[in-house]
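> Let me give you the structure first, and then I'll get to my questions.
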Amino acid sequence: MLNQFSRTQLLIGPEAMEKLHNARVAVFGIGGVGGYTVEALVRSGIGTIDIIDDDIVCITNINRQIIATWKSIGKYKVDVMEERIKDISPTTIVNKHKMFFLPETAGQFDFSKYDYVVDAVDTVTAKISLVLSAQEAGIPIISCMGAANKMDPTKFEVADIYKTSVCPLAKVMRYELRKRGVKHLKVVFSTEEVMKPIIDPDTSCELNSISSSGTGIECTDRHQVPGSNAFVPSVAGMILAAEVVKDIINKNTNNEE
């Protein structure tokens, strides 16, 4: 019988579709990267998805975030994302968390319930805590490195964190994870050199904050607001989703072999 996933099933078959339907994936960060990850996961047939973010849609999100429109400005990103998910796949179970993940909030999540974790957050502290929490629970995680201040979406690669290069965020993560004894981490990273954003007083979020997160942290609180575009973070998000789908489909098959 035809359904919304029929074209996907032509590629991977009914057993793989069942694996995706039975899977629960948590996506931390529903921004330029994470929003596209959620979009692709839902359209791929993931049955249960957790979306975690405390941010509110800002006018400056419209250039790159799939949930950002003039109508969604001022709304919580997880609320907008949930509505979009239900429009795409009404039967998908959505667990919504209006919060920012940090070491002090990690205890509010039971990582053992997830089949996969996606790290699409911005801060090193949150990323490290996510990695440690997921690995302690024995749950696979994939982490996105820097996607801002870049213009070439063809420069993305998938690798272990210790085989990355060029990316400044990956360099910091390598150092911090090595100190904590983390031996492996699957990441999406770019080999493109980071660009320096052009500071314009008329368009800078640092000087003209429009909206804030649910925690009250505004763009004006940041040391430097990065530049971004429609095609770099979105590609990173799609690659994250593709890796999750591939790994979920292959997991039990590999174990059986």
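> Please report, for the Cα atoms of the range 1-99, the Rg to one decimal and the Dmax as a whole number; what are they, in angstrom?
14.0, 42
> Find out how many positive minus negative residues lie around Gly45, taking Lys and Arg as positive, Asp and Glu as negative, among other residues whose Cβ is under 10 Å from that of Gly45. Intermediate results must be reported in sequence, preceding the final value.
Numbers: positive: Lys19, Arg43; negative: Glu18.
Net charge in that neighbourhood comes out at +1.
> Next up: Which net charge results for the neighbourhood of Tyr162, defined as the other residues with beta-carbon distances under 9 angstrom from its beta-carbon, given Lys and Arg at +1 and Asp and Glu at -1?
Values: positive: Lys163, Arg174, Arg178, Lys183; negative: Asp160.
Its environment carries a net charge of +3.
> Greater than 31 Å separation of Cα atoms is the criterion. Which listed pairs, Lys98/Lys246; Lys71/Lys155; Lys19/Lys127, meet it? Intermediate results must be reported in sequence, preceding the final value.
Values: Lys98/Lys246 28 Å; Lys71/Lys155 33 Å; Lys19/Lys127 27 Å.
Going by Cα-Cα distance, Lys71/Lys155 fall outside the 31 Å limit.
> Around Ala23, with a cut-off of 15 angstrom between Cβ atoms, what is the net charge of the other residues, counting Lys and Arg +1 and Asp and Glu -1? Mind showing how you got there, number by number?
Details: positive: Lys19, Arg24, Arg43, Lys113, Lys246, Lys251; negative: Glu15, Glu18, Asp50, Asp115, Glu243, Asp247.
Its environment carries a net charge of 0.
> Checking the cross-link filter: which aspartates and glutamates have an alpha carbon closer than 18 Å to that of Lys196, excluding same-chain neighbours under 8 positions apart?
Result set, ordered by chain and number: Asp122, Asp152, Glu206.
> Between the range 5-48 and the range 68-89, how far is it from one alpha carbon centroid to the other, in angstrom?
With the range 5-48 and the range 68-89 each reduced to a Cα centre, they are spaced 18 Å.
> If you don't mind, there's one more thing I want to ask. What are the equivalent ellipsoid semi-axes of the chain, built from the alpha-carbon gyration tensor (square roots of five times its eigenvalues), in whole angstrom, biggest first? Display every interim value, and only then the final one.
Details: eigenvalues 158, 99, 63 Å².
Whole-Å semi-axes of the equivalent ellipsoid: 28, 22, 18.
> Can you give the helix-only mean residue ellipticity at 222 nm for the chain, where every DSSP H stretch with n ≥ 4 adds -39500 (n - 2.57) and the sum goes over all residues, rounded to the nearest 500 deg cm²/dmol?
On the way: 7 runs with 89 residues, N = 257.
Calculated at 222 nm, the ellipticity per residue is -11000 deg cm²/dmol.
> Still on this model: Two decimals is fine: what is log10 I(q)/I(0) at q = 0.21 Å⁻¹ for the range 97-149, from a Debye sum with one equal scatterer on every Cα and no solvent?
-0.74
Every read-out reported here was derived from the displayed coordinates using simple, explicitly stated rules and does not represent laboratory data. Remember, predicted model here, so these are calculated numbers, not experimental data. Note that we place each Cβ from the backbone using ideal geometry, even for glycine, and neighbour counts take in every protein chain shown.
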